[in-house]
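Report on one structure; see the data block that follows.
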Amino acid sequence: MKALTGHAHNLRLEADSLKRGQGVLDQRMDRLQSEQNRIIQVALLPKWWSGMSFLRTPLSVTNCFCICMTAARPKDCSEIMASGSSADGVYSVFPIHDPNGFMVYCDMNTDGGGWTVIQRREDGSVNFFRGWEAYRDGFGTTTGEHWLGLQRIYSLTRSGGFELRIDMADFDNATAFASYSNFSVGRDSVNPEEDGYPLTVDGYSGTAGDSLLKHSGMRFTTKDRDQDQSENNCAAYYQGAWWYRNCHTSNLNGQYLGGGHASYADGVEWSSWTGWQYSLRFTEMKIRPRKPES
């Protein structure tokens, strides 16, 4: 019995030691994360500073710190572009409502550039028929097919003032686009997930026709969370996830069916351009702050 008691005591000591070790590891991870953010900020500063030649008076240390930190922690791709970066690619952004930041793909060329990509379909390599948690948190590969995540899109757009552009292509290499001058997800919501990450969209222009305005005001529906106005779950029925109403005029997260298909409206659909039985080859949804009217 004495031997067992001694063994139990040793195990408790070992467990306490492991807990202390875990605490040290957590602290080291926090320091590494902080160092990574600092490196990202420092790397961005030279390009930002080169664009500040318009300044005619020296900056004070305080003012320099405030401005530099703002430029080194860009809120979206438009701020990265303004800092001097002009190449398409993956960058870190730090929205006001998500200060830890995340990686995004920036389109720096289309229609003036500065676009933050929130969705891309291009080859069918990623399964988009997923549940609520996947669509909330995001999935896929930033340089390929992906969904940025409802929570991140909310962090970027919750205060409004963003525009949306959707570029599309079919399997004959025809292209079209749809632009919306007003776009947000969970606008002014305190608890966006509980509210269903509702869509606000308005102000259509483009060549693809409007297939999104019908969805404005709708909550997001997935196969495991039905928030549409249909008696059926539109996501389950049309094999996607979207701001369905009853049910849809667009289904950009539907199945990648490779062009014309016999099934009805369950592919990557933009009905005003290619109808209900044609699954698009390429789609890319992207956002940027709306430019002030001149």
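The values are calculated or read from the model by the stated rules, or taken from the named source; none is laboratory data. Nothing here was measured: the structure is a model prediction, and the numbers come from that model. Cβ: placed from backbone, ideal geometry, glycine included. Neighbour counts: every protein chain shown. Side chains included, ligands, DNA and RNA excluded: accessible areas come from the protein's heavy atoms. Shrake-Rupley method; radii C 1.70, N 1.55, O 1.52, S 1.80 Å.
Taking Asn182, is it free of Cβ contacts under 8 Å to residues at least 12 places away in the same chain, out of contact with any His (no Cβ under 7 Å at 6 or more places or on another chain) and among the polar types (S, T, N, Q)? For Asn182, the condition - free of Cβ contacts under 8 Å to residues at least 12 places away in the same chain, out of contact with any His (no Cβ under 7 Å at 6 or more places or on another chain) and among the polar types (S, T, N, Q) - is not met. Is it the case that region 102-110 has a residue that's among the hydroxyl-bearing types (Ser, Thr, Tyr) and at pLDDT below 95? Looking through region 102-110, none of the residues is among the hydroxyl-bearing types (Ser, Thr, Tyr) and at pLDDT below 95. Looking across region 265-283 at every residue that is in a loop (DSSP other than H, G, I, E, B) and without any contact (Cβ under 8 Å) to a residue 40 or more places away in the chain, the one that is least open to solvent (accessible area, probe 1.4 Å) is identified as Ala265.
Does region 77-89 contain any residue that is open to solvent by less than 40 Å² (accessible area, probe 1.4 Å) and closer than 20 Å to Leu150 by Cβ? Checked region 77-89: at least one residue is open to solvent by less than 40 Å² (accessible area, probe 1.4 Å) and closer than 20 Å to Leu150 by Cβ.
Here region 87-99 is the region considered, the condition is being modelled with pLDDT of 95 or more and part of a loop (DSSP other than H, G, I, E, B), and the residue that is nearest to Trp115 (Cα to Cα) is Asp88.
Applying the condition of being surrounded by fewer than 19 Cβ atoms within 10 Å (Cβ to Cβ) and out of contact with any Pro (no Cβ under 8 Å at 6 or more places or on another chain) to region 150-167 and asking which residue is modelled with the highest pLDDT yields Gly160.
Okay, residues lined up against (1) more than 21 Å from Tyr154 (Cα to Cα); (2) over 20 Å from the mean Cα position of the chain (by Cα); (3) open to solvent by less than 30 Å² (accessible area, probe 1.4 Å):
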{"residue": "Gly196", "(1), (2), (3)": "no, no, yes"}
{"residue": "Ala208", "(1), (2), (3)": "yes, yes, yes"}
{"residue": "Glu231", "(1), (2), (3)": "yes, yes, no"}
{"residue": "Tyr237", "(1), (2), (3)": "yes, yes, no"}
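On the given criteria, is Phe220 open to solvent by 10 Å² or more (accessible area, probe 1.4 Å), touching a Pro at 6+ places or on another chain (Cβ under 9 Å) and aromatic (Phe, Trp, Tyr)? No, not satisfied.
If you take the residues in region 250-264 that are outside any strand (DSSP E or B) and either under 25 Å from Arg219 (Cα atoms) or in contact with a Leu (Cβ under 9 Å, 6 or more places away or on another chain) (or both), which one is most open to solvent (accessible area, probe 1.4 Å)? Going through the qualifying residues, I end up with Tyr264. Of all residues in region 199-224, those that are farther than 21 Å from Leu280 by Cβ have Cβ atoms under 6 Å from Cβ atoms of residues that are surrounded by fewer than 21 Cβ atoms within 10 Å (Cβ to Cβ) and modelled with pLDDT under 95, 6 or more apart or on another chain, in Thr200/Arg187. Just one of the numbered conditions (1) open to solvent by 60 Å² or more (accessible area, probe 1.4 Å); (2) assigned to a strand (DSSP E or B) is not true of Lys214: (2). Restricting attention to region 123-158, the residues being in contact (Cβ under 8 Å) with a residue 60 or more places away in the chain, within 9 Å of the chain's Cα centre (by Cα) and in a loop (DSSP other than H, G, I, E, B) number 0. One residue alone among Arg158, Arg165, Arg187 is within 30 Å of Leu257 (Cβ to Cβ), touching a Lys or Arg at 6+ places or on another chain (Cβ under 7 Å) and basic (Lys, Arg), and that residue is Arg165. Taking the criterion of being in contact (Cβ under 8 Å) with a residue 24 or more places away in the chain and in a loop (DSSP other than H, G, I, E, B), the residues of region 159-172 that qualify are Ser159, Gly160, Gly161, Asp170, Phe171. Would region 242-249 turn up any residue that is surrounded by fewer than 21 Cβ atoms within 10 Å (Cβ to Cβ), farther than 22 Å from Met168 by Cβ, modelled with pLDDT of 95 or more and in contact with a strand residue (DSSP E or B) (Cβ under 7 Å, 6 or more places away or on another chain)? No: zero hits.
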